[in-house]
Each structure stands twice: as structure tokens, then as C-alpha cells.
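The block underneath contains the structure these notes are about, expressed in C-alpha cells.
The values are calculated or read from the model by the stated rules, or taken from the named source; none is laboratory data. As the structure is a prediction and not an experimental result, all values here were calculated from the model. Counting neighbours? That spans all protein chains shown, and the Cβs are built from the backbone with ideal geometry, glycine included. What goes into the accessible areas is simple: the full protein's heavy atoms, side chains included, and nothing from ligands, DNA or RNA. Shrake-Rupley method; radii C 1.70, N 1.55, O 1.52, S 1.80 Å.
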Amino acid sequence: MAKAPRRGPYICGIDAALDVMSGKWKGLILWELEAHGVRRFAELRRGLPGVSEKMLTQHLRELEQDGLVHRKVHAEVPPRVEYTLTDHGRTLNQALGSLGAWGSERIRREAADVASEDRAAPR
């Protein structure tokens, strides 16, 4: 069962942002769409190793409901569905840039493992 979106009252802006970004995969979905523009469901799933079909579906629905992702269904047989970032989603991705830079520095400082070089940078 999907949880109802919170609409405040929020303690601060970070509270409101984290409400939208809750979930392990949402930031990575936004990153994939920023890096590739248009993605179909299977392409997103391949680009996010470890995500289940159920979680990807749930997070895409929530991102769409929050106005961050646009879902376009093409009238074809079989149906083709494509996902893109909205302008609102792009602004969130820009805001996440500083967080990503902080995380990259942490990876360097801690000498942490990275999945692979081709997954670490947008193609």
C-alpha cells in the first residue's frame, strides 16, 4: 500500500526535501534520467543494479506524483512507456549536486569501493 504524501507542516526546507526524496532509489532514478534523458522501465532497471521491479515501480509513481518525473505512454502494441525528468525534477537534481560532490569526497577520503567506473559517471 502506497503511503499518502506528506504536505507539511514541515520543520524546515530539508524536512520537505527529504519527504520527497525518501527511499533508497529516488536519487539514483533522478541521476539516471539526468544522465540519459529518456528511459524506458527496463533501461532504468538495468541502470540501477539491485533495484526490484516493485521498488522501481513504487518510486517512479511517487516521483511522478510529486511532479519530478514525467511518464509518457505511447499508443502502440505492445505499449511503450518512457520516463523523463520534469523541469521541477531537474531543479532537484541540481540541488543534489552538492550532496553528490560531498559523497564523492567521502568515497575518496574513506577509500570506499565504487560499483564500477562506468557506473560512477554519467554516460
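Mean sequence separation of contacting Cα pairs (under 8 Å, at least six apart), scaled by the length of the chain, corresponds to a relative contact order of 24 percent. Overall, the accessible surface of the chain at a probe of 1.4 angstrom is composed of carbon and sulfur to the extent of 56 percent. Using the Cβ of His74 as centre and a radius below 15 Å, the other residues enclosed give a net charge of +2, where K and R count +1 and D and E count -1. Taking the chain as a Gaussian network, where each spring joins two C-alpha atoms under 10 Å apart, which residue of Gly50, Gly13, Gly67 fluctuates the most? In the Gaussian network model the winner is Gly13. With the chain treated as a Gaussian network of Cα nodes joined by springs under 10 Å, which of Arg40, Arg109, Arg71 yields the largest mean-square fluctuation? Taking springs between Cα atoms under 10 Å, the residue moving most is Arg109. What does a probe at Ala42 reach in the range 61-100, counting residues whose amide N is under 12 Å from the point 7 Å along Cα→Cβ? It comes to 78-81, nothing else.
Just to verify a number: FRET efficiency for Ala16 and Glu105, C-beta to C-beta distance, R0 = 30 Å, to 0.05? Walk me through the intermediate numbers first.
Details: r = 26 Å, r/R0 = 0.85.
Once the sixth-power term is evaluated, E becomes 0.70.
What residue among Glu34, Glu110, Glu43 shows peak mean-square fluctuation when the chain is described by a Gaussian network model with Cα springs under 10 Å? For the chain, modelled as a Gaussian network with Cα springs under 10 Å, the answer is Glu110. Ellipticity at 222 nm from helices only: DSSP H runs of n ≥ 4 in the chain, each -39500 (n - 2.57), divided by the residue count, give -17000 deg cm²/dmol. Ligands, DNA and RNA are left out, and with a 1.4 angstrom probe the accessible area of the range 24-83 is 57 Å² per residue.
Please work out how much length the chain gains when fully extended from Glu64 to Asp87, using 0.36 nm per residue of separation minus the C-alpha to C-alpha distance, in nm with one decimal. If you can, show how the numbers build up before the last one.
Values: separation 23, 0.36 × 23 = 8.28 nm, distance 1.22 nm.
Between Glu64 and Asp87, full extension yields an extra 7.1 nm.
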